[in-house]
1. So, of the residues in segment 134-166 that are among the hydroxyl-bearing types (Ser, Thr, Tyr) and at pLDDT 90 or above, which turns out to be nearest to Asp225 (Cα to Cα)?
2. Based on this model, can you work out whether Ser117 counts as modelled with pLDDT of 95 or more, under 15 Å from Leu2 (Cα atoms), in a helix (DSSP H, G or I) and among the small types (Gly, Ala, Ser)?
3. With the requirement that a residue be over 18 Å from the mean Cα position of the chain (by Cα) and either in contact (Cβ under 8 Å) with a residue 24 or more places away in the chain or not in a loop (DSSP other than H, G, I, E, B) (or both), what does segment 175-199 give you?
4. It is to be established whether one or more residues within segment 4-21 are buried (at least 23 other Cβ atoms within 10 Å of the Cβ), touching a helix residue (DSSP H, G or I) at 6+ places or on another chain (Cβ under 7 Å) and assigned to a loop (DSSP other than H, G, I, E, B).
5. When you scan segment 174-190, how many residues do you find that are of a type outside the set (Val, Ile, Thr) and surrounded by fewer than 17 Cβ atoms within 10 Å (Cβ to Cβ)?
6. Identify the residue in segment 191-240 that is among the basic types (Lys, Arg) and out of contact with any Cys (no Cβ under 9 Å at 6 or more places or on another chain) and, among all such residues, is surrounded by the fewest Cβ atoms within 10 Å (Cβ to Cβ).
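The values are calculated or read from the model by the stated rules, or taken from the named source; none is laboratory data. Quick caveat: nothing in here was measured; it's all calculated off a predicted structure. Cβ placement follows ideal geometry from the backbone for every residue including glycine, while neighbour counts extend to all protein chains displayed.
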Amino acid sequence: MLVVQGKDVIRIVDFDFTSSEIVEVDVPASLEVEASHNLGNWELSSIWNLGENEKIGGGKLLVETLRNNLFAPVYYFSSEKGNSLVEGSVFSSLAFPFLENKSNLGLINKIKLAIFSARFKDSKLTKIDLSNTSFLEKTRLKSGKDGYRVKGELPQELIWVFAHPLFLENKVFVSLINETGSSLIVGKMSKILETMGAKLGSVDNQNESSEDCEIAALNQDLLSDLSLVFSCRKVKEEKLEKNEIVLKIGKKFKERF
């Protein structure tokens, strides 16, 4: 999935190479969110610039904030130039890899997405407007403008978009070792994991440590995907089952979460 910065909407775009389909989830830019890294409440439209000002990175803060507020397991991001992958001409799609310089996508992945977009965005594109679902409700923002806030549970149609096929196929269970000194983080972690297609098993609340986070698994593909979402150190553990993951988080992780 690719998060694309925009003026009126922030797009979460799923490029499904198996079914040759593209699903675009439009998130209103006026959505009130709690920024990751404990930076307080902001409109979603302000998160990219906030990340730049805080020396975190605009795209990095955007995907982490969407992950924490929408429970979407996102990692890759693009500037507004990424909108050419879901709108405009075939040429605009093919030009994307050479015009986009603020994305964390490598050149090869940019080219793959550009070719896929050029082939299918006019015929296999499905749009979901998050503001028209029960997940959001209209509200008056602190700025005095009309906006949105998260209200309910993530709609089932979005869970299927955000779920990772590999996690569903392997019926993944995650054991959480919590060394953050707080149990409040467990609820959000559980929702993100469940949206991804995993099940949170045991939670072991231990004494606070100064560590960041570590993910242990036998299956290297599971390790890679989950470590991208949470930016954790990977450890291959031969003693674990193929569908088992152990996630350990500490104080440093809580501070940036």
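1. Keep residues of segment 134-166 that are among the hydroxyl-bearing types (Ser, Thr, Tyr), which gives 134, 139, 143, 148.
Applying the additional criterion that residues be at pLDDT 90 or above yields 139, 148.
Numbers: Thr139: 35, Tyr148: 30 Å.
Restricting to residues being among the hydroxyl-bearing types (Ser, Thr, Tyr) and at pLDDT 90 or above, the top hit is Tyr148.
2. Yes; evaluated as a whole, the condition is true for this residue.
3. From segment 175-199, those over 18 Å from the mean Cα position of the chain (by Cα) are 175-184; that's our starting set.
Correct list: Ser175, Leu176, Ile177, Asn178, Glu179, Thr180, Gly181, Ser182, Leu184.
4. yes
5. 7
6. Lys239
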